[in-house]
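Structure, as structure tokens:
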Amino acid sequence: MNVFITRVIPQKGLELLKAAGCTVKQHTEQRELSPEELIEQCRNQDVLLSSGPNVIDAHFLQTCRRLKGIALLSVGHDNVDLEAATRFGIPVSNTPDVLTQATADTAFLLMLAVSRNAFYMNESIKRGDWGFNEPTANLGRELYGKTLGVFGLGRIGSDLAAKCKAVYQMDIIYHNRKPNKEAEQILGARYVSFETLLQQSDVLSVHAGLSPETKRIFNMAAFKRMKPSSIFVNTARGGLHDEADLTAALQQQLIWGAGLDVTNPEPMAPDNPLLNMMNVCVLPHIGSATVETRDKMAIMAAENIIAAVEKRKMPQILNP
Ligand code: DGY
């Protein structure tokens with residue numbers, strides 16, 4: 001069986017695939033494949049292991065009819081038309097659970113870094129500007145006892161909430177499509193309307209998937225309802241916030257700061273004004289980027305591929 005992989009993945013995943021008798025071809029250039037190139041590469045492949053934002057739509061699926069399975073190296077699957085994949089009989093899997101803690105850590109890191117303007121000050125020092133440390137200069141915001149608002153309280157949002165509760169005794173409120181009773185019991189989290197989430201959060205962290213309902217839900221209308229002292233964190237998908245509106249909201253001091261691990265587009269242009277703001281931290285989509293987590297993701301994706309190849313149900317199938 002032939003497997004095409006869109007980016008270089010950890011050795012542990014490759015070893016599993018090879019031990020199962022798969023012939024693996026990896027795209028090793030450090031750039032995204034265009035949709036046409038992806039089709040060209042996958043026409044004669046049996047399985048696709050997709051890492052990154054490759055568009056897997058009805059046209060792709062119809063053209064690459066030989067595919068017997070698609071394994072995503074991510075938990076997010078907004079780049080895949082699952083309904084079309086089901087229609088064409090192609091199982092699709094993702095890598096949930098194994099990246100929960102690493103991604104929640106990234107949100108926690110951003111929240112803390114923004115609250116103390118840490119990245120910006122570190123950059124200033126490198127430019128030779130230590131500043132004059134007056135008692136009124138370099139002031140951040142404390143997190144202790146504040147309110148964490150989670151938009152999308154699933155696995156990652158719950159892990160962040162648990163960390164915030166344990167470290168800063170934060171009060172947890174959340175907004176979901178439907179209430180998460182388990183998290184309510186374990187974390188004492190309170191379900192609130194979107195409006196209340198905006199109004200009451202001191203830190204608002206985004207953990208929902210990108211869908212037509214959530215696209216640009218964090219726009220000027222939303223930022224206007226947030227506290228001027230609040231911090232906006234997004235480690236989910238850049239498409240959930242409107243970047244121009246976020247920039248304007250920060251410039252107008254409608255919110256205190258923002259921490260972004262995801263942008264729209266990615267990569268963010270180096271001249272993006274957000275990169276020069278004291279109260280903004282931007283990371284290059286590294287939510288799950290730890291040695292341990294990426295190994296687990298590669299192993300999980302390989303196990304899903306082997307299941308598809310052996311005509312078994314993929315363990316992490318998204319379209320059963
Ligand atoms: C995920 O797993 O969805 C990460 O954001 C990587 O894309």
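The values are calculated or read from the model by the stated rules, or taken from the named source; none is laboratory data. Source: prediction; values computed, not measured. Cβ sites come from the backbone with ideal geometry, for glycine too, and all protein chains shown count toward neighbours.
When Leu110 is tested against (1) surrounded by fewer than 19 Cβ atoms within 10 Å (Cβ to Cβ); (2) within 16 Å of the ligand (Cβ to nearest atom), just one condition goes unmet, and that condition is (1). In the stretch 146-155, the count of residues that are within 18 Å of Pro228 (Cα to Cα) and either among the hydroxyl-bearing types (Ser, Thr, Tyr) or not assigned by TED's automatic domain parsing to the domain that holds Ile255 (or both) is one or more.
Residue-level check: of (1) of a type outside the set (D, E, K, R); (2) within 16 Å of the ligand (Cβ to nearest atom); (3) touching a residue at least 60 places away in the same chain (Cβ under 8 Å), Val47 misses just (2).
Residue selection: Thr214 satisfies the criterion of being at pLDDT 95 or above and within 16 Å of the ligand (Cβ to nearest atom).
Taking first residues from the stretch 50-64 that are under 10 Å from Pro35 (Cβ atoms) and within 16 Å of the ligand (Cβ to nearest atom) and partners that are part of a helix (DSSP H, G or I) and not acidic (Asp, Glu), the Cβ contacts under 8 Å between residues at least 6 apart in sequence or on separate chains come to Asn54/Pro35; Asn54/Leu38; Val55/Pro35; Val55/Leu38; Ile56/Ala85. Per the conditions (1) surrounded by fewer than 22 Cβ atoms within 10 Å (Cβ to Cβ); (2) within 16 Å of the ligand (Cβ to nearest atom), the sole criterion not satisfied by Gln26 is (2). Say whether the condition of being of a type in the set (Asp, Glu) and either within 16 Å of the ligand (Cβ to nearest atom) or surrounded by 14 or more Cβ atoms within 10 Å (Cβ to Cβ) (or both) is met by at least one residue in the stretch 127-147. The answer is no; no qualifying residue exists. Every condition in (1) β-branched (Val, Ile, Thr); (2) within 16 Å of the ligand (Cβ to nearest atom); (3) touching a strand residue (DSSP E or B) at 6+ places or on another chain (Cβ under 8 Å); (4) more than 30 Å from Arg225 (Cβ to Cβ) is met by Ile305 except one, and the failing one is (2). Just to be sure before I move on: is Glu15 of a type in the set (Asp, Glu), away from the ligand (no atom under 16 Å from the Cβ) and part of a loop (DSSP other than H, G, I, E, B) in the structure I sent? When the stated conditions are applied, Glu15 does not pass them.
Identify the residue in the stretch 266-299 that is among the β-branched types (Val, Ile, Thr) and within 15 Å of the chain's Cα centre (by Cα) and, among all such residues, is farthest from the ligand (Cβ to nearest atom). Among them, the one singled out is Val282. Here the condition is being outside the structural domain of Leu143 (by TED's automatic domain parsing), more than 16 Å from the ligand (Cβ to nearest atom) and crowded, with 21+ Cβ neighbours inside 10 Å; of Ala71, Ala85, it holds for Ala85 alone.
Among residues of the stretch 93-106 that are more than 9 Å from the ligand (Cβ to nearest atom), those with a Cβ under 7 angstrom from a residue that is among the basic types (Lys, Arg) and at pLDDT 95 or above, sequence gap 6+ or separate chain, pair up as Asp97/Arg155; Val98/Lys296; Thr100/Arg155; Ala104/Lys163.
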